[in-house]
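Trainee: Dropping the structure in here first, questions after.
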Amino acid sequence: MNSEHLMFIHITNPRLVRGAAALAAIPFLLVACSSTDSSSTPARGADVIAVDDQWIKAADSGMSAAFGELTNDSDRAVTVVSATSPASARVELHEVVVAADGTKKMRPKEGGFVVPARGSIALEPGANHIMFMGLNAPLRTGAETTVTLTFDDGSSTTFTAQVRDFAGNQEKYEGDHAGTAPTPGA
Ligand SMILES: [Cu+2]
C-alpha cells in the first residue's frame with residue numbers, strides 16, 4: 001500500500017507535469033511567433049531582394065556605373081530608393097532616355113528602381129544603372145568594391161561587385177538637374 005502510494009506520487013509529481021507541459025508548448029510558441037511576423041509585417045527589401053551578375057565599369061576617374069540583376073522574392077513590389085559606395089563620392093540611380101535629337105542621355109530615375117513582386121529588373125549599359133558620380137580612386141579591372149542599396153522600407157543590402165572593362169554606352173549625362181552635374185576632376 002505504501003509503496004504503491006509513493007509510486008503514484010512520483011508519476012504525478014506536479015513539477016514533472018509542468019515541465020512536460022512547458023516542453024510541449026515551445027513548438028507552438030515558435031510557430032505562433034513566425035506566422036505572426038510574416039502576416040502582419042511586410043517582408044523587408046533587404047530580406048527579399050537578391051543581387052546577381054553584378055559588376056562595375058572600369059574607369060580612371062570621374063564617372064562610372066554598376067550593373068546587375070535585382071530579383072524580388074516576395075509578394076510586394078520593392079523600390080530601391082538610393083545607393084552608396086565607398087568607391088564614389090556620390091552615387092545616383094539613373095535611367096537612359098532617348099532625347100528629341102535621337103541621342104541617348106542618362107538622368108536620375110524618378111522614384112528609384114521598382115523591382116516587381118516575384119519579378120526582377122536588369123541594370124545594364126544603355127538602361128537603368130547605378131551611377132558613380134565622382135570616383136574616389138581609379139576603378140581598376142579585377143578589383144572589387146561594395147555597393148549598398150537602400151529600399152523604400154529603410155532596410156539596406158550591401159553587395160560586392162567586380163570591376164570589368166567595358167567600352168560601350170558612353171551616354172551623356174543630361175545635366176539639367178540642378179546640383180547633379182558631375183564635379184570636374186572629381
Ligand atoms: Cu548614369
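Trainee: Quick test of your reading of the structure: LEU70 fulfils all but one of (1) over 13 Å from the mean Cα position of the chain (by Cα); (2) away from the ligand (no atom under 12 Å from the Cβ). Name the failing condition by number.
Mentor: So the condition that LEU70 fails would be (1).
Trainee: Among the candidates ALA122, ALA127, ALA137, single out the residue that is among the small types (Gly, Ala, Ser) and not in a loop (DSSP other than H, G, I, E, B).
Mentor: ALA122
Here's the yes/no breakdown for (1) more than 14 Å from ILE56 (Cβ to Cβ); (2) touching a residue at least 60 places away in the same chain (Cβ under 8 Å); (3) under 22 Å from the mean Cα position of the chain (by Cα):
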| residue | (1), (2), (3) |
| --- | --- |
| VAL96 | yes, yes, yes |
| LYS104 | yes, yes, no |
| PHE113 | yes, no, yes |
| GLY119 | yes, no, yes |
| ASN136 | no, no, no |
| ARG140 | no, yes, no |
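Trainee: Under the condition of being under 14 Å from the mean Cα position of the chain (by Cα) and assigned to a strand (DSSP E or B), which residue from segment 142-154 is surrounded by the most Cβ atoms within 10 Å (Cβ to Cβ)?
Mentor: Out of the qualifying residues, it is LEU149.
Trainee: Just checking, does segment 74-87 include any residue being within 16 Å of the ligand (Cβ to nearest atom), assigned to a strand (DSSP E or B) and on the phi > 0 side of the Ramachandran plot?
Mentor: no
Trainee: Are any residues in segment 115-132 of a type in the set (S, T, N, Q) and within 14 Å of the ligand (Cβ to nearest atom), and if so, which ones?
Mentor: Result: ASN128, single match.
Trainee: Of GLY112, GLY142, which residue is away from the ligand (no atom under 16 Å from the Cβ) and on the phi > 0 side of the Ramachandran plot?
Mentor: GLY142
Trainee: Okay, moving on. Out of segment 96-116, which residues are aliphatic (A, V, I, L, M) and either surrounded by 13 or more Cβ atoms within 10 Å (Cβ to Cβ) or not in a loop (DSSP other than H, G, I, E, B) (or both)?
Mentor: Passing the criteria: VAL96, VAL97, VAL98, MET106, VAL114, VAL115.
Coordinate-derived values only; no laboratory data. Just so we're clear, the structure is a prediction, and the values are computed from it rather than from any experiment. Cβ atoms come from the backbone with ideal geometry, glycine included; neighbour counts cover every protein chain shown.
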